[in-house]
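Please read the structure below before turning to the comments.
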Amino acid sequence: MPTSRGEGQEPDHPTTTILRRGGGNGGGTGGDAAGDGGAAPRQVWVPGPVIVGAGPSGLATAACLKARGVPSLVLEKDACVAASWRHRTYERLRLHLPRCFCELPLLPFPPGTPPYPTRDQFVAYLDGYARAFGIAPRLGARVRSAAYDAAIGFWRVTADEGAEGGGATATEFVSRWLVVATGENAEPAWPEGVEGMDGYRGVAMHTSSYKKGDEFRGKNVLVVGCGNSGMEVSLDLCNNGAKASMVVRDKLHVLPREILGISTFGLSVFLLRWLPIKRVDSVLLFFSRLILGDTEKYGLPRPKIGPLQIKSSTGKTPVLDIGALRKIKNGEIKVVPAINRFTENGAEFIDGHREDFDAVILATGYKSNVPSWLKEEEFFSHADGFPRKPFPHSWRGKNGLYAAGFTRKGLMGTSYDALRIAGDIVDQWTEAFASPAAAHRSSDHGA
């Protein structure tokens with residue numbers, strides 16, 4: 001449950017102590033301090049863990065820690081919590097899964113929340129979550145580097161605060177624990193090596209910048225990507241007077257959002273308790289064909305491997321249909337093959353035909369930004385910015401390093417990570433009062 005702090009009270013940052021300002025050992029923070037004439041960053045000791053990221057993963061970890069008496073410092077590069085949900089999703093978005101699978105630890109959604117909350121309802125829930133636990137992230141703190149200093153057994157996290165460019169000042173936060181909570185979707189993933197993209201003269205944007213279909217009324221729009229984002233953006237465009245074409249390059253599974261009135265995701269979670277994953281895939285595909293028909297007839301061929309097996313092995317999520325398939329069947333959303341190259345006014349496809357488009361929307365996903373700032377190579381992979389070990393062993397590294405929200409299992413994975421991380425740190429925190437030396441040894445164990 002939330003702490004005793006009332007929601008009307010102002011939350012406060014955990015107690016921090018300024019150690020020094022000026023020269024001295026930089027501790028592997030990487031690069032010169034920004035915006036202060038090359039001076040070394042101010043150094044601040046943080047008694048609890050430093051958490052990088054104030055999205056659902058960072059907030060959940062901070063809440064679980066605070067509920068058990070451990071303070072933390074949350075660093076967030078944007079000017080608000082849940083910035084990705086608030087500013088980089090389209091207005092009509094609803095959660096794909098029922099709210100019971102999207103709640104963070106220790107606090108349910110408010111009474112009256114619909115089964116599939118809207119974007120604004122989820123953002124309001126996250127705002128209320130932060131207030132309930134008195135979590136006040138240090139906003140506008142863009143982490144530039146984080147490195148473990150083996151000489152002292154602490155992490156040194158350097159963040160630029162203030163205006164970007166010449167007005168930013170650097171602060172080095174020193175803590176025994178570092179929780180990486182920037183998540184799987186920290187930055188838009190842009191396609192590489194597509195010929196002619198720079199010469200296209202129409203509007204081109206990533207789905208992170210797309211807000212609503214009304215802005216494209218009467219326009220011919222190409223959506224590049226056919227995952228959940230691509231399908232939903234195509235549907236939103238179609239519902240608001242735009243002519244949408246959607247690029248389908250690979251085979252994909254499309255499932256109904258509900259089966260016989262039951263959430264498809266919830267049904268799969270229940271069946272996996274009793275049946276092997278292949279059998280559950282067979283059940284889901286049987287009902288999908290019964291409800292949706294043969295999707296291959298409409299340019300959406302299915303892979304031979306089942307949807308849950310693909311999700312488990314690659315992290316690729318099946319599409320949960322909320323109405324796009326019906327629009328594809330009746331021709332309101334046009335399915336087109338992979339792009340060979342862009343032209344000045346549109347695109348040429350691999351089957352040779354060309355079309356003109358007023359706008360191109362890239363539903364090409366997101367990526368982790370961890371390799372750009374974390375100076376560590378054993379726990380996190382520099383290839384994709386994810387922990388090297390798969391779920392459920394992806395939450396803990398060595399020397400007090402943790403990862404929250406990199407499970408490829410959505411908000412349920414976020415909750416799992418937050419509870420495990422908090423429990424592990426609380427054990428060390430408790431030991432520290434009895435034996436600081438013992439706590440230091442405990443923080444150095446591996447996953």
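The values are calculated or read from the model by the stated rules, or taken from the named source; none is laboratory data. The structure displayed is predicted, hence computed values, not measured ones. Cβ coordinates were reconstructed from backbone atoms using ideal geometry, including for glycine residues, and neighbour counts include every protein chain displayed. Only protein heavy atoms, including side chains, enter the accessible area calculation; ligands, DNA and RNA are left aside. Shrake-Rupley method; radii C 1.70, N 1.55, O 1.52, S 1.80 Å.
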Checklist line | Helix 119-132 vs. the chain, principal-axis angle (Cα, 0 to 90°, nearest 10) | finding: 10
Notebook entry, point to check: Using modelled backbone amide H atoms (1.01 Å from N, in-plane), which distant-in-sequence or interchain residues come within less than 5 Å of Ile333's amide H?
Noted result: Ile328
Notebook entry, point to check: Roughly to the nearest percent, how much of the accessible area of the range 68-186 is carbon and sulfur, given a 1.4 Å probe?
Noted result: 55
Next item on the list: Using only the Cα atoms of the chain, construct the convex hull and provide its projected area averaged over every direction, in square nanometres to one decimal.
Entry: 23.7
Item checked: Accessible surface, 1.4 Å probe, highest first, among residues Ile152, Ile328 -> Ile152, Ile328
Next item on the list: Please find the FRET efficiency linking Arg94 to Thr430, where r is the Cβ-Cβ separation and R0 is fixed at 41 Å, and quote it to the nearest 0.05.
Entry: 0.50
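Order Phe349, Phe391, most accessible first, counting only protein heavy atoms with a 1.4 angstrom probe.
Working: Phe349 0, Phe391 70 Å².
Of Phe349, Phe391, the descending order of accessible area is Phe391, Phe349.
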Next item on the list: At 0.36 nm per residue, minus the direct Cα-Cα distance, what do Arg326 and Leu139 gain on full extension? Give it in nm, one decimal, please.
Entry: 63.0 nm
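Considering only protein heavy atoms and a probe of 1.4 Å, how much of the accessible area of the range 189-365 is carbon and sulfur, as a whole percent? Can you show the working numbers first?
Numbers: 4540 of 8850 Å².
Answer for the range 189-365 is 51 percent, counting heavy atoms of protein chains only.
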Next item on the list: Filter the GluC sites (Glu not before Pro) in the range 289-355 to those in DSSP coil with at most 10 other Cβ atoms within 10 Å of their Cβ, and list the result.
Entry: Glu344
Note to self: For a quick check: with amide H placed at 1.01 Å from N, whose amide H comes under 5 Å from Ala186's, ignoring anything fewer than 5 positions away on the same chain?
What the structure shows: Lys367, Ser368, Asn369
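Pairs Lys212/Lys297; Lys219/Lys304; Lys77/Lys367: which are spaced more than 25 Å apart, C-alpha to C-alpha?
Details: Lys212/Lys297 29 Å; Lys219/Lys304 36 Å; Lys77/Lys367 16 Å.
As for pairs spanning more than 25 Å Cα to Cα, those are Lys212/Lys297; Lys219/Lys304.
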Margin query: Please list, in order along the range 257-266, the HN-Hα scalar couplings obtained from phi with the Karplus expression 6.51 cos²θ - 1.76 cosθ + 1.60 (θ = phi - 60°), rounded to whole Hz, x for Gly and Pro.
Written below: 5, 10, 10, 6, x, 10, 3, 4, 5, x
Next item on the list: Work out how much length Phe391 to Asn239 would gain on full extension: take 0.36 nm times their residue separation and subtract the Cα-Cα distance, in nm to one decimal.
Entry: 50.9 nm
Next item on the list: Report the one residue of Thr158, Ala168, Phe286 whose Cα lies farthest in the direction of the positive end of the charge dipole of the chain (charges on C-beta: Lys and Arg +1, Asp and Glu -1; origin at the Cα centre).
Entry: Phe286
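If Trp85, Trp45, Trp190 are ordered by their accessible area, calculated over protein heavy atoms with a 1.4 Å probe, which sequence runs from highest to lowest? Mind showing how you got there, number by number?
Details: Trp85 65, Trp45 90, Trp190 140 Å².
So, going from the largest accessible area down, we get Trp190, Trp45, Trp85.
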Next item on the list: Step through the residues of the range 211-220 one at a time and calculate ³J(HN,Hα) from phi using the Karplus curve (6.51 cos²θ - 1.76 cosθ + 1.60, θ = phi - 60°), rounding each to whole Hz and writing x for Gly and Pro.
Entry: 10, 7, x, 4, 5, 10, 3, x, 9, 9
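Leaving out ligands and nucleic acids, note down the accessible area per residue over the chain with a 1.4 angstrom probe, in whole Å². It would help to have the intermediate numbers written out before the result.
Numbers: 20310 Å² over 447 residues.
On a per-residue basis, 45 Å².
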Item checked: In the range 263-332, trypsin sites (Lys or Arg not before Pro) in a DSSP loop with at most 11 other beta-carbon atoms within 10 Å -> Arg273, Lys304
